[in-house]
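Chemist: Let me begin by handing over the structure; questions about it come next.
Quick note: the coordinates plus some simple rules give every number you see, no bench work behind them. Bear in mind the structure is a predicted one, so any value in this text is a computation, not a measurement. Don't worry about glycine lacking a Cβ; one is built from the backbone with ideal geometry, like all the others, and counts go over all protein chains shown.
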Amino acid sequence: MSFGQPNGLGMQPPGFPMMGTRPPWFGLRGPAPAMAAQPQAPAALTNEPDIPDEIRDQYKHLREDMIKVEGAANEAEANGDTAGAKFKMMLLGDVNEKIQEMEEKYPGIQNAPAPKPPETSGTIANQPNAAALHQMLAMFHAGQATPLTLTQQQAMLYDKQKAAERKMEPDVIEFQAQYSLQERHAWSLNEQLKERNNTYDDDLWALHEIMRKCNNTAQRCDLLNMNVRWMKEGKFCGPYSPNPLVIKAAKKYNLDPPSACKLADALEQRDDPDTDMARLDGHLARSNKPSSLVMMMLKTLKNGGNIGEASSPVAIGSYMHKEESRKETAKREDRKRSRSRKNRSRSARRRSHSRGRGRRDEGDRGRGRNRNGSRDRGRGRNDSRDRGSRQSWQG
């Protein structure tokens, strides 16, 4: 990133507004810090040897601080900290005025090599009270005897108050340490959880479910940013993303939370997510590693490719294989039950037939006994009458 190019009015820093205009990247009211025009240095004075090395070094540091403060202002505006961004813009104007004073006093000093932007995040807002530290550093480079302006004092006071008011929750501190997250990710999560007091415990549990299934630190940061964004939009509802189709597929095919979240994020960029999900459902039904399959198809979804119809063979252990096995098992159980019912009915008929035959035999035996008994009883009566008649005749 180069610092600027000569344009007849001196050096114009990159991204810094022209005179009387409003910065295009900030939604702030009021005019931007004015930049006084200055005459272009003559070509013969561009490399004057009488500029001391310490002055060149001071000028170089001021330019570096200007880039850092500009990055901090950009990040403050992106995070919704409008007041902080406004203060940093005021500080940026003060640093720019100091640079202009040095350029007027030492013509040709602006030909110094442009400082490179930081290689890390490009901002300094990752550390508490970082803007105030850089402001004091800029004042140190400009000379400790230089008194602070009212704007600079207000900026430092605001940053100190902001740092004192910000307090990270103990659960978030533990969460950050457990998953090796950066400071800015932890602060972003902390701010969202404070606004979701009613679901604080449930949200933190769901985030643990997502993060513990992911072993890559960079992917953890992406997953956290993704779910924090859903929290801001009011859509966050658990470890399997806010997409109802993805939640249904995750429960059906046992998808892990990271793959479900990444799938939902990719479907948000598609023109017809319902059709994509319907085709993907066929592939998931045939796969015995559905979570890995989802991660493989993310590239196709994000690059705008189409998902074809499922035509691969059914893998052993897949959802479709388990369903077919379950149906076959159910059919075998039905056949066994039907055979057992038939066997029970046959045995019941046999028992009833034998029971009827036994009753008939008993009836026949009973009738024979009754007949013989009746004869015998009749014969006995006749014998008694004969004995009585003989006794009377003899008498």
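Chemist: Which order do peptides 209-221, 76-88 fall in by mean Cβ count within 10 Å, highest first? It would help to have the intermediate numbers written out before the result.
Modeler: On the way: 209-221: 15.2, 76-88: 18.5.
Sorting 209-221, 76-88 by mean packing, highest first, produces 76-88, 209-221.
Chemist: Another one. Show me 272-279, 59-66 ranked by packing, highest mean number of other Cβ atoms within 10 Å first. Working shown, then result.
Modeler: Numbers: 272-279: 15.0, 59-66: 20.6.
Put in order of decreasing packing, that is 59-66, 272-279.
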